[in-house]
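Taking it in order: structure first as structure tokens, then the write-up.
The values are calculated or read from the model by the stated rules, or taken from the named source; none is laboratory data. Predicted model, so just to flag it, every value in this text is computed and none were measured. We place every Cβ from the backbone using ideal geometry, glycine too, and count neighbours over all the protein chains shown. We work out accessible area using only protein heavy atoms, side chains counted, and drop any ligands, DNA or RNA first. Shrake-Rupley method; radii C 1.70, N 1.55, O 1.52, S 1.80 Å.
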Amino acid sequence: SIGEYTKKSGFTSIIRAYLTEFKFWENVTLVIKAKSKLATPKEVINKFLSDVEMTKMGLGLQQAPGITIIGDSPENPDDNVHSTCDCYVSADHGLDWDFHGFDAMCFGKTPILPVNFDYSHYFSKSPFLYETYYRNVYASQDQTYNDMFSSNQGWLEPNLNEMKKMMRKAFSMANREELSNICKKAKDDFSYQKVGSLLLKVLQNEKEKI
């Protein structure tokens, strides 16, 4: 997963779902690339590691599956994460467009995404593009984004059980080459040619109305 180190990004939910679904002996690793405008990469990594340890303690885990935290730097672009990992997981509390999920799909990787956002139907054209499910709740506002949300707006809370199912399903996927090809074909819907063609039709329709 990739994102800002904020409550909105839902990393706590991802970590909790991962730690409760997988056992320490399984060949799996959760990779999180954490970013922050308010802290250095090293500070963000240390905060994340602290959160992970607190979650392990809360769950009573003596041993846990692997978790790798990566800081943001020019030497470590997002593409490295997508090219290395098998799937991408998002638990964001609210997005208009998950560009990290789309990037993962362009790399032929499984994006595990929520379905309640406007963009989700673009990712669900293939049964191999797994999705998580959200329910409406009201949550305290993230101070990092306090200029973007009003006090009466609610965020979406990830359904951990559904997220865990999708993680397990992606992990157990036998034919990853087939999955990769389907993901790569889905990205063609957003090629310059197709998007440009659609935009041209919109402009032509508007012109006829004048």
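Determine which member of the set K201, K185, K209 is open to solvent by 100 Å² or more (accessible area, probe 1.4 Å), among the charged types (D, E, K, R) and at pLDDT 85 or above.
On the way: K185 fails: at pLDDT 85 or above; K209 fails: at pLDDT 85 or above.
K201 is the lone residue from the list that is open to solvent by 100 Å² or more (accessible area, probe 1.4 Å), among the charged types (D, E, K, R) and at pLDDT 85 or above.
Which condition from (1) touching a Gly at 6+ places or on another chain (Cβ under 9 Å); (2) within 24 Å of S172 (Cβ to Cβ) is the one that V44 breaks?
(2)
Go through the residues of region 74-97 one by one and say whether even a single one is without any contact (Cβ under 8 Å) to a residue 24 or more places away in the chain and among the aromatic types (F, W, Y). Steps first, answer last, please.
Our first condition is that a residue be without any contact (Cβ under 8 Å) to a residue 24 or more places away in the chain; within region 74-97, this holds for 74-75, 77, 80, 96-97.
The next check asks that each one be among the aromatic types (F, W, Y); those that pass are 97.
There is at least one residue in region 74-97 that is without any contact (Cβ under 8 Å) to a residue 24 or more places away in the chain and among the aromatic types (F, W, Y).
Could you list all residues from region 29-68 that are open to solvent by 90 Å² or more (accessible area, probe 1.4 Å), in a helix (DSSP H, G or I) and among the aliphatic types (A, V, I, L, M)?
Of everything in region 29-68, those that are open to solvent by 90 Å² or more (accessible area, probe 1.4 Å), in a helix (DSSP H, G or I) and among the aliphatic types (A, V, I, L, M) turn out to be M54, M57.
Determine the pairs where a residue that is free of Cβ contacts under 8 Å to residues at least 24 places away in the same chain and closer than 14 Å to T6 by Cβ, located within region 34-46, has a partner that is open to solvent by less than 90 Å² (accessible area, probe 1.4 Å) and not in a helix (DSSP H, G or I) with Cβ atoms under 7 Å apart, the partner being 6 or more residues away or on another chain.
none
Just to verify a result, which residue in region 1-28, among those that are open to solvent by less than 20 Å² (accessible area, probe 1.4 Å) and free of Cβ contacts under 8 Å to residues at least 60 places away in the same chain, is nearest to D72 (Cα to Cα)?
I15
Taking region 155-182, which residues are loosely packed, with under 10 Cβ neighbours inside 10 Å and modelled with pLDDT of 70 or more?
Once the filter is applied, which keeps residues that are loosely packed, with under 10 Cβ neighbours inside 10 Å and modelled with pLDDT of 70 or more, region 155-182 yields S172, E177.
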